[in-house]
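A short write-up of the structure that comes next.
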Amino acid sequence: MIEYENLSHTNSPFFEELTQAFGSVLKEGRYILGANVDLFEREFAGYLGCGETVGVGCGFDAIRLSLEALALPGQSEVILPSNAYMATALAAVHSSLKPVLVEPDIRTYNIDPSRIEERITGRTSAILIVHLYGKCCDMNPILELCRKYGLKLAEDCAQAHGASYRGRRAGTFGDTAAFSFYPTKNLGALGDGGAVATDDPDLAGRVRSLRNYGSDRKNYYSMRGFNSRLDELQAAFLCIKLQYLDRINAHKRALARIYLEGLKEDFVKPHVDDDFGDVFHIFAIRHERRDALRDYLERNGVRTEIHYPVPSYKQVNLKDMLGSGPYPISDEIHNTELSLPIAFFHTPDQICQVVEIMNGF
């Protein structure tokens, strides 16, 4: 069986270093907001090429605290893609904002810049983009719209660690950017974790206060904040894995190349372009008989996933906030998308096997 993901196998090259890090944190006895969080925040900011990063409890909190730190008017509108994972829209709702959905580009699965302007109103305060599957959005036209209408820009980089657009890394375009370190990410912790990136020291300071109940100094609370702190142990693990992120991304690009060159044209393969440095957190193909294809692969020893079978606008917890559309492009993606194995532990031979099996469908 070729598994879709196996985190024990993915992390096995780092076991010795991770074990040493665990022992060091255990011995140090400082488990909340200690030296490892400080170190990771500095090193991750350096990797991205931004001013500061602030570690938080998870990727969802990173989006929410990003929006809270921007201090957008309550009940104002924020534009976001209609096909992203529901956590993006949910974070906006929890921040007392009204999500306005925009359809994606069917080639890239990211928000279609040509469709954004028609959805901007006098109540629009921000655009919240999602770099989906490990591909950056088409940033130049989005940045131009933000300048034209005076809108804030927030990035959801949960799937885009190390991805780039015209040589510039995801997380360095917006006023704020949110990252998730969920264990399956290209930069994954051994538990939950997240970070907010920004070039604005005031925004970074607000996020630091918001993550710690609203405290800007011990026992004094200037904001109504939350409890969302990156765990010291996870920060220690992330410091180790950050050193290998470029190697992880390079490996996944090599596996993606096998798929791109080997899969027959029956399958809609990811769109690639020299302007985009994709990191293939997810290798998403589309096929009109997706469910039959998935069953066929399972019978032939290949595990797959679907990202995502039910769109946000059809989820019970968000239907009243998002409306029912129509969103035909998103529906087509949700009904035809299939994610193929492309983890760090997979070998080129395994991916070649997947290609051979798929081409027999």
| request: Hey, could you check the stretch 237-249 for residues that are surrounded by 16 or more Cβ atoms within 10 Å (Cβ to Cβ) and in contact with a Gly (Cβ under 9 Å, 6 or more places away or on another chain) and say which is farthest from Gly23 (Cα to Cα)? | output: Asn249
| Does Gly194 fit the bill of being surrounded by 19 or more Cβ atoms within 10 Å (Cβ to Cβ), in contact (Cβ under 8 Å) with a residue 40 or more places away in the chain and touching a Gly at 6+ places or on another chain (Cβ under 6 Å)? | yes
| message | Considering only residues that are within 21 Å of Leu245 (Cα to Cα) and of a type in the set (Gly, Ala, Ser), which ones fall in the stretch 280-294? | response | Ala284
| message | Going through Arg147, Arg168, Arg208 one at a time, which residue ends up being under 15 Å from Leu70 (Cα atoms), more than 16 Å from the chain's Cα centre (by Cα) and not polar (S, T, N, Q)? | response | Arg208
| request: Answer yes or no: is there a residue in the stretch 98-113 that is under 26 Å from Asn186 (Cα atoms), in a helix (DSSP H, G or I), of a type in the set (A, V, I, L, M, F, W, C) and touching a Pro at 6+ places or on another chain (Cβ under 6 Å). | output: no
| Name the residues in the stretch 324-361 that are without any contact (Cβ under 8 Å) to a residue 12 or more places away in the chain and either touching a helix residue (DSSP H, G or I) at 6+ places or on another chain (Cβ under 7 Å) or at positive phi (or both), would you? | Ser324
| request: Could you grab me the full set of residues in the stretch 94-111 that are within 19 Å of Ser324 (Cα to Cα) and buried (at least 20 other Cβ atoms within 10 Å of the Cβ)? | output: Leu97, Pro99, Val100, Leu101, Val102, Glu103, Pro104, Ile111
| Of everything in the stretch 1-56 that's under 24 Å from Arg208 (Cα atoms), in contact with an Asp or Glu (Cβ under 6 Å, 6 or more places away or on another chain) and of a type in the set (Ser, Thr, Tyr), which residue is surrounded by the fewest Cβ atoms within 10 Å (Cβ to Cβ)? | Tyr31
| field | Only listed residue being part of a loop (DSSP other than H, G, I, E, B) and either in contact with a Phe, Trp or Tyr (Cβ under 8 Å, 6 or more places away or on another chain) or not β-branched (Val, Ile, Thr) (or both), chosen from Pro73, Pro13 | value | Pro73
| Residue that is more than 22 Å from Pro99 (Cβ to Cβ), of a type in the set (Ser, Thr, Tyr) and assigned by TED's automatic domain parsing to the domain that holds Ala250, where the choices are Ser339, Ser324, Ser312, Ser330 | Ser339
| Restricting to the stretch 171-194, what's the tally of residues that are within 11 Å of the chain's Cα centre (by Cα) and aliphatic (A, V, I, L, M)? | 3
| Can you tell me which residue in the stretch 76-92 is farthest from the chain's Cα centre (by Cα), limited to those that are surrounded by fewer than 24 Cβ atoms within 10 Å (Cβ to Cβ) and either closer than 22 Å to Tyr149 by Cβ or without any contact (Cβ under 8 Å) to a residue 12 or more places away in the chain (or both)? | Ser76
| message | I'd like to check which helices (runs of 4 or more DSSP H) are fully inside the stretch 226-342 and have at least 3 residues that are under 20 Å from the mean Cα position of the chain (by Cα). | response | 232-242, 245-262, 328-336
| field | Meets criteria (closer than 30 Å to Leu230 by Cα and within 19 Å of the chain's Cα centre (by Cα)) for Leu153 | value | yes
| In the list Asp38, Asp61, which residue meets the criterion of being over 19 Å from Pro201 (Cβ atoms), in a helix (DSSP H, G or I) and modelled with pLDDT of 95 or more? | Asp61
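The values are calculated or read from the model by the stated rules, or taken from the named source; none is laboratory data. Quick caveat, the model's predicted, so the values are computed rather than measured. Every residue, glycine as well, gets a Cβ built from its backbone with ideal geometry; the counts of neighbours run over all protein chains shown.
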